[in-house]
Amino acid sequence: MIRSSAITEHQRKMKKIAITTLGCKVNQYESAAFQTGFEAAGCVMVQAKEAADIIVINTCAVTAKAGTQSRQAVRQLMRRHPDAKIVITGCYVQMAAQELVKMVNKPVCIVGNGNKDRLVQAALCDTPCDLTMLMGRISQKKEICRLPVRHFGNRTRAGLRVQDGCHNFCTYCIVPYTRGPSRSLPLEEVLDQAAIFVSEGHREMVVTGIHVGQYGKDLQDGTDCVDLIRRLCLVHPDIRFRLSSIEPMEINDELLILMAGQKNFMPHLHIPLQSGDDTILARMNRGYTTKEFRETVALCRKRLPDAAIGIDVLVGFPGETDQHFANTRALLQELDCTYLHVFPYSQRPGTLAATFDQQIPQAVKEERVAYLRQLDAEKKGLFYQRYLGAARPVLVEYKRDPDGNLKGFTDNYIPVSFPGHRSLMNTITAVTLTTVSATQVSGRIAEDYHAG
């Protein structure tokens, strides 16, 4: 009897786990936390194409396309692994759990976003998974899930999740309904997680969340996003920190002065605009005007002349006329920004905008997206050319580019490839930018380089 029990325990520990992740940096962080939990239980991680005992699918629902991809991933992985235990989580689960139940043809375990800290335990439970649903009301969650991560994959850069949820309720966005209200990880726990990443060899961390600028508003100690980043930079002076995204009205002098003054706080801002027309911004419930956005970008450029400034744009919102789009196009042409992330609007059931009249034809949306993506390419080229002949610190990644060169990002987020020895991987190396083409920036190691 003792021997049989020991074998069962060994087999349990040696279970093979595959995790598939769709969507945002927060999902990527949470999947890394699942991996940490499975490995701590003695499980073996495998790729989704390999034989596995348990399949975890971390879904996304931010756009209609993401929802479709999530459904496709569930179907494909169930077909590929007919005997595996299937565990489905993420924003698509939170939005459409009943649809998933109807869609699947075998027992599954469904875990809502508010219970992701219970996913590993549910997955490893020895009882049959007839239909385990760990959902709960995400709108009533008061605390962020504790999801510690040991190692963020084989990457030089780790995502540091400090916040979850959003209560802005932009009319097009499903996220407040799938992620719940803003909830922050206490400062000391953030610092503990950062220390783990440092001990594991990560040289850069991206401070991330669903609405990072709201960090600390739900905490009792008065800590805010700027306080958090200041502490991280001071505690880990040899680690680069980057901010994932921040709303335009949450950018202020305090943040920009910190970024300008802390060498390890990377000069890189990603700012959602969504529309360059005030009428559309009001219909989106964005809470600012194009004048205010223009002033924000000008302040960023004044304080941080070398910073990369990325902008999110959502085109084809219901009621967006040719003139509205022309206003967006004119504003983006005017702004001194680095790159654009351009997305077509897609209806999300349950959001206010899904009920609006004047939905834009798909062909019109695609035409507008194509125009702005061309503008994105032009903006990138102009920004990259500013730094030809200049040396910038580059965090060298573990993987080479298709031509066999080392690659990485400069402090101000310019992707650069250059020849060099593998010993430079995961070091911060000065690289002189030498050429810019339509597809890449090339460089060479600066004569006075030093590996950090």
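The values are calculated or read from the model by the stated rules, or taken from the named source; none is laboratory data. Not measured: the values here are computed from a predicted model. For neighbour counting, all protein chains shown are included, and Cβ atoms are generated from backbone atoms with ideal geometry for every residue, glycine included.
Structure values in brief
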| item | result |
| --- | --- |
| Test: D376 is buried (at least 18 other Cβ atoms within 10 Å of the Cβ), free of Cβ contacts under 8 Å to residues at least 60 places away in the same chain and closer than 24 Å to H270 by Cβ | yes |
| Selection status of M249, buried (at least 20 other Cβ atoms within 10 Å of the Cβ) and touching a residue at least 12 places away in the same chain (Cβ under 8 Å) | no |
| Hits in the stretch 198-251 (condition: closer than 20 Å to R286 by Cβ, assigned to a loop (DSSP other than H, G, I, E, B) and in contact with a Pro (Cβ under 8 Å, 6 or more places away or on another chain)) | S245, E247 |
| Among the residues listed as F409, F383, F356, F418, the single one being surrounded by fewer than 19 Cβ atoms within 10 Å (Cβ to Cβ), modelled with pLDDT of 95 or more and either farther than 23 Å from R242 by Cα or not charged (D, E, K, R) (or both) | F356 |
| Given (1) crowded, with 19+ Cβ neighbours inside 10 Å; (2) free of Cβ contacts under 8 Å to residues at least 24 places away in the same chain, index of the condition P402 fails | (1) |
| Options R146, R137; residue that is over 19 Å from the mean Cα position of the chain (by Cα) and surrounded by fewer than 21 Cβ atoms within 10 Å (Cβ to Cβ) | R137 |
| Among residues of the stretch 393-449, those that are within 27 Å of L304 (Cβ to Cβ) and basic (K, R), counted | 2 |
| Residue in the stretch 334-343 that is at pLDDT 95 or above and part of a helix (DSSP H, G or I) present | yes |
| Members of the stretch 279-309 that are under 20 Å from F325 (Cα atoms) and free of Cβ contacts under 8 Å to residues at least 40 places away in the same chain | L281, A282, T289, K291 |
| Some residue of the stretch 235-250 being at pLDDT below 95 and out of contact with any Asp or Glu (no Cβ under 9 Å at 6 or more places or on another chain) | yes |
| Selected residue [under 18 Å from Y92 (Cα atoms), aliphatic (A, V, I, L, M) and outside any strand (DSSP E or B)] from L119, L147, L191 | L119 |
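Each row is one residue, and each column tells you yes or no for (1) in contact with a strand residue (DSSP E or B) (Cβ under 7 Å, 6 or more places away or on another chain); (2) farther than 30 Å from L187 by Cβ.
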residue	(1), (2)
G67	no, yes
D83	no, yes
I88	yes, yes
A97	yes, yes
K102	no, yes
V111	yes, no
D126	no, yes
R137	no, no
